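The values are calculated or read from the model by the stated rules, or taken from the named source; none is laboratory data. Note that the coordinates shown come from a computational prediction; the quantities given were computed from them, not determined experimentally. Here Cβ is always computed from backbone atoms with ideal geometry, including for glycine, and neighbour counts include all displayed protein chains. For accessibility, only protein heavy atoms count, side chains too; no ligands or nucleic acids. Shrake-Rupley method; radii C 1.70, N 1.55, O 1.52, S 1.80 Å.
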Amino acid sequence: QQQRRLQGLRREAAEYYRGQRVPQRMEEALNSLFTLRPADLYGELANYFSKFSRAPVICKVVGRKVLDGVGQPTLEVEIYCTVKNYEKRICSTVMSSHSQISENALPDTAEADERERNDSVNTAVEWVNESLNTMLRNLKPTDQCKVDKVLGEYFRKKVEEKKEIQNQEGEEAEATLALTSSTASATALSGKKKAAKPGKKVAVAERTIPPAEPVESVLCGSLAIGGTSLAIAKAGATISHIPLYLHIALLKHDQDSPKEMTLPLPMVTLLNCEKISPAKLKLVKEVMLIPPVQLSLKQGIERVLVIQKEIMRLLDPPGKVPSPQPADSKKGKAHNIGKKAPPQALKRISHLGCLITGCDNLEQPLLLMQTACNNMGLELGTDMHLAINCAAHELMDYVKGKYEVLTGMFKSPDEMVDMYVELINKFPFIIALIDPLRKEDRQQWNNICCALGSKCYLIAEDAAKYISQLKIDENINIPMCSGVVLKYINQTKVSDLIELTGLLDGQRHITILGSPDGESSDDSLVDLAVGLGARFIKLGGLSRGERVTKYNRLLAIEEELAKNRTLREANLEFIAFAEEPQPEKQLYNVLPPPKQDSLPPQLFQPALQVCSLPAQLPENSTLT
């Protein structure tokens with residue numbers, strides 16, 4: 001009886017293995033490997049049979065609270081898959097955080113933002129470890145569309161839950177107000193009488209600028225969506241044994257492998273201009289260098305480092321005495337004679353990974369860059385290009401309805417257009433202006449694009465902060481511009497970026513992938529930029545580990561593409577916008593070379609000594 005039982009098991013085993021074609025494949029493997037006679041026979045057998053194993057599936061998603069590059073809490077997502085019957089950790093990603101609070105915010109505002117950030121990260125960790133871990137189980141990490149669809153539906157459900165809670169709170173608030181309706185009516189009537197003063201009406205009528213669009217609220221926990229989507233993309237690339245940038249390119253082009261790939265040109269931040277006293281210049285937030293396309297990325301980065309070193313020397317020349325004090329402080333001047341210039345400006349590094357300085361007029365940082373390049377035998381506009389992040393949305397005084405470009409100097413949106421036209425005519429080596437205007441000043445965006453679009457990239461960053469608001473049907477909801485800076489934050493999914501960059505490509509907009517304020521050491525942003533075919537990548541400066549890591553990744557990709565002979569040279573073609581009907585006063589055509597007195601002297605200073613500037617900033621500059 002036992003023998004019959006064993007014979008039955010043998011027949012069952014034979015049928016099982018024949019059903020899986022094991023004998024046939026074993027024979028094929030042994031025959032093919034005998035002629036090869038590999039040094040590691042069992043390793044080669046394992047490789048051979050691994051082709052027939054089941055595709056890995058997600059078995060666990062883990063969320064964890066970690067710190068980003070500036071010590072703020074953020075989210076890490078780990079992906080575990082079942083690979084050949086074993087649970088295996090595949091990869092992880094750390095999300096970059098983006099704060100809407102300015103650096104000079106009041107302590108109470110900063111504390112509230114910190115509490116909100118902590119709550120958001122804690123909620124995101126809970127979403128990942130509970131709901132998303134269950135919902136994504138047994139899905140293939142290579143099926144990005146399906147995963148992102150699940151994530152999108154989950155997020156929409158959370159948004160609806162939040163709206164229901166807000167509606168309930170609103171109804172409760174209305175019920176409370178109804179109890180005191182008589183008092184409220186009396187107060188409202190008295191308020192109307194006060195509001196009817198003629199002076200108030202005149203003040204309102206003078207402000208004709210479009211009001212600021214409401215800030216989109218960020219759902220608490222939304223980091224979980226973006227972090228999980230990116231982690232799944234990394235896992236899919238790892239499972240497919242290809243780099244992430246190629247995996248992204250295949251997703252964008254429907255699995256059609258590109259024959260050539262172009263690296264995005266780096267916008268390297270060299271100076272971060274402070275906007276607080278005693279510095280007077282408020283218009284410029286970042287001054288960036290863009291290497292010419294003729295150089296390899298490695299050569300371009302090396303050239304930027306040379307210029308950066310020279311700028312450091314100009315800002316803090318060894319053994320030099322400080323700049324003379326004003327005439328009314330002779331005592332202080334005598335006290336400082338013979339002492340070395342204070343190096344505190346040189347020692348301060350921004351969270352953007354660059355030097356922090358302050359200036360009194362718009363020309364100072366431009367002349368500093370020009371002097372540094374001239375000293376190194378380089379010519380701006382040929383050997384290196386310049387870009388400026390104006391961050392104009394931070395400068396609007398809504399009481400006056402004007403931008404405060406210098407301390408105490410205000411300009412209307414139309415005057416800003418005139419100023420930029422003159423700036424580019426005077427400094428043609430500036431090839432990109434980021435956020436020259438608020439996104440609400442759409443007419444002025446049209447004007448500046450018609451005037452400068454063929455000379456300079458006019459890029460919207462603040463207008464493209466929320467990717468969820470950019471796409472309306474098949475259109476892009478942004479002002480007329482050359483392109484947009486996209487940031488991978490909050491509930492952004494990989495599929496969203498792929499769809500949006502496809503629309504931007506079709507509408508002749510360039511794509512720039514930008515690094516958020518609170519960067520992490522995760523270098524996935526670089527792979528996203530390469531895979532999506534971005535024209536530029538904005539990573540900050542060449543200091544701080546979390547930013548240098550991304551530059552190193554970009555250099556590694558360049559080396560890999562060059563080795564595979566799939567690297568194509570980038571281009572810097574500008575977009576010629578169609579001329580629109582202009583008002584009777586032709587203010588926004590390209591102007592002739594500016595006259596010396598066409599702008600207030602405090603904003604622009606004469607550039608007659610560009611090639612013979614001393615090895616330090618002009619006396620009226622202020623380093624903070």
- line: The correct count of residues that are among the small types (Gly, Ala, Ser), at pLDDT 90 or above and part of a helix (DSSP H, G or I) in segment 503-537 is 3
- prompt: Which of the residues belonging to segment 199-243 are over 22 Å from the mean Cα position of the chain (by Cα), part of a helix (DSSP H, G or I) and modelled with pLDDT of 50 or more?
  reply: ALA235, GLY236, ALA237, THR238, ILE239
field: Meets criteria (surrounded by 22 or more Cβ atoms within 10 Å (Cβ to Cβ) and over 22 Å from LEU265 (Cβ atoms)) for GLY518
entry: yes
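I'd like the full set of residues that are of a type in the set (Val, Ile, Thr) and either surrounded by fewer than 12 Cβ atoms within 10 Å (Cβ to Cβ) or farther than 30 Å from LYS234 by Cβ (or both), limited to segment 1-57. Before the answer, list the steps.
To start, the set of residues in segment 1-57 that are of a type in the set (Val, Ile, Thr) comprises 22, 35, 57.
Of everything in segment 1-57, those that are of a type in the set (Val, Ile, Thr) and either surrounded by fewer than 12 Cβ atoms within 10 Å (Cβ to Cβ) or farther than 30 Å from LYS234 by Cβ (or both) turn out to be VAL22, THR35.
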field: LYS60 vs. criteria surrounded by 12 or more Cβ atoms within 10 Å (Cβ to Cβ) and under 43 Å from the mean Cα position of the chain (by Cα)
entry: yes
field: Residue among ALA570, ALA529, ALA556, ALA562 that alone is in contact with a Pro (Cβ under 6 Å, 6 or more places away or on another chain) and not charged (D, E, K, R)
entry: ALA529
task: Starting from segment 560-577, keep only residues that are under 17 Å from MET267 (Cβ atoms), then list their pairs with residues that are among the hydroxyl-bearing types (Ser, Thr, Tyr) and open to solvent by less than 70 Å² (accessible area, probe 1.4 Å) whose Cβ atoms are within a distance under 6 Å, requiring at least 6 positions of separation or different chains.
output: ALA570/THR262
